[in-house]
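The structure under discussion appears below in the form of structure tokens.
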Amino acid sequence: MTGKLSIRISPEFTSFVGRGPCDPAFLPAAPLIFGFGDIGEPAVSMMLPADLDGPADDHLVVLAISRAACDRLFAHQPKAGGRWYLPADLRGIGRAVVAVEGDGEADNMLRAARSQELLCQTFAALAAELMVEVAGTTSLTERDITRVAAAHQLVNERWQEKLTVGSVARRCGLSKAKLTRGFRELYQCSVAEAVSERRLQRARQLLAQSDLPISSIGYHCGYMSNASFTRAFARRFGMAPTKMRGREVTA
């Protein structure tokens, strides 16, 4: 085969399978393009049409879907240029796409079905924040990446609790050192910084959307004193909560 096998699933969605270049004639209008590497790599990348001339050659599976279809079907468009660690179950679906032998009509129907499953499950994982964005190289194994992602999700969901590095690490099956390193590598922050960011963003939201006293907002967001809340808020947003509320009221 001189290029990838092109499977036009609909006018809005094409799957390219195999080694070699993608035929641009099969691209839908205004496409979003997912490259799945060699399926052994734990990453999926968003690519541009220009990337099909060279960089995409080594991707064993490339999915191209129109932006209009993304909005209609998934109400979501992944970040341009984004790259995410690919969970093992999605890599398994990708391998199943590549594993189909032959190029008959029935073979292409099977490739099309598995490509649709891969696309839908990828969007579902992105929407559920189950895919950790690649921000550079990491020393973690895939299992540890999954556990660090679970720890990050725990922070997002349980930020009102008294979370420490030790308690989060125990809940997610990691050592404190590995959790700390994982947060630095994947999220460029510490666990404490992630908790603080979540609390302060919620405080800012309450300042704008409620008439709760500022001291009550601080307590609701995990601060034991108004002074500590005010200091943390001013460091993060460059102004005290009272000034922020006054600006929101006059806006």
- [ ] Would you mind counting up the charge near P21? Only other residues with Cβ under 14 Å from its Cβ, with Lys and Arg at +1 and Asp and Glu at -1.
- [x] -3
Open item on the list: Using a Gaussian network model on the chain with a 10 Å cutoff between Cα atoms, which of I217, I65, I33 fluctuates the most?
Closed with: I217
Task: Where the Cα pairs of the chain fall when distances are cut into 5 Å bins, in % - done: 1, 6, 12, 13, 13, 11, 10, 10, 8, 7, 5, 3, 1, 0, 0
Open item on the list: Of the candidates Q153, Q205, Q77, which one comes out as most mobile in a Gaussian network treatment of the chain with C-alpha springs shorter than 10 Å?
Closed with: Q205
- [ ] Please report, in Å, the Rg and the Dmax of the stretch 186-251, where both are computed over Cα atoms only.
- [x] 11.8, 39
Open item on the list: Just to confirm the number: angle between the C-alpha axis of helix 88-99 and the first principal axis of the chain, 0 to 90 degrees, nearest 10?
Closed with: 10
- [ ] Taking 7 Å along the Cα-to-C-beta vector as the label spot, tell me the D23-R158 distance in nanometres, rounded to one decimal.
- [x] 5.3
Open item on the list: Could you tell me how many cubic angstrom of Cα convex hull volume the stretch 142-189 has per residue?
Closed with: 64
- [ ] For the stretch 146-207, run through the GluC sites (Glu not before Pro) and keep only the ones in DSSP coil with at most 15 other Cβ atoms within 10 Å of their Cβ.
- [x] E161
Open item on the list: Within 10 Å of each candidate Cβ there may be at most 13 other Cβ atoms; applying that plus a DSSP loop requirement, which chymotrypsin sites (Phe, Trp or Tyr not before Pro) in the stretch 1-95 survive?
Closed with: none
TODO: Per DSSP H run of n ≥ 4, the term is -39500 (n - 2.57); total these for the chain, divide by its residue number, and report the mean residue ellipticity at 222 nm rounded to 500 deg cm²/dmol.
DONE: -16000 deg cm²/dmol
Open item on the list: Given axes a ≥ b ≥ c from the Cα gyration tensor, I'd like to know whether the stretch 1-123 is rounded (a/c under 1.5), prolate (a/b larger than b/c) or oblate.
Closed with: rounded
Open item on the list: Going by Cα centres, the stretch 1-75 and the stretch 141-204 are how many Å apart?
Closed with: 34
TODO: Can you list which of the trypsin sites (Lys or Arg not before Pro) found in the stretch 133-228 are DSSP loop residues with at most 15 other C-beta atoms within 10 Å?
DONE: K162
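Values quoted throughout were computed directly from the atomic coordinates according to the rules given, and no laboratory measurement underlies them. Nothing here was measured: the structure is a model prediction, and the numbers come from that model. With ideal geometry, Cβ positions are generated from the backbone for all residues, glycine too; neighbour counts draw on all protein chains shown.
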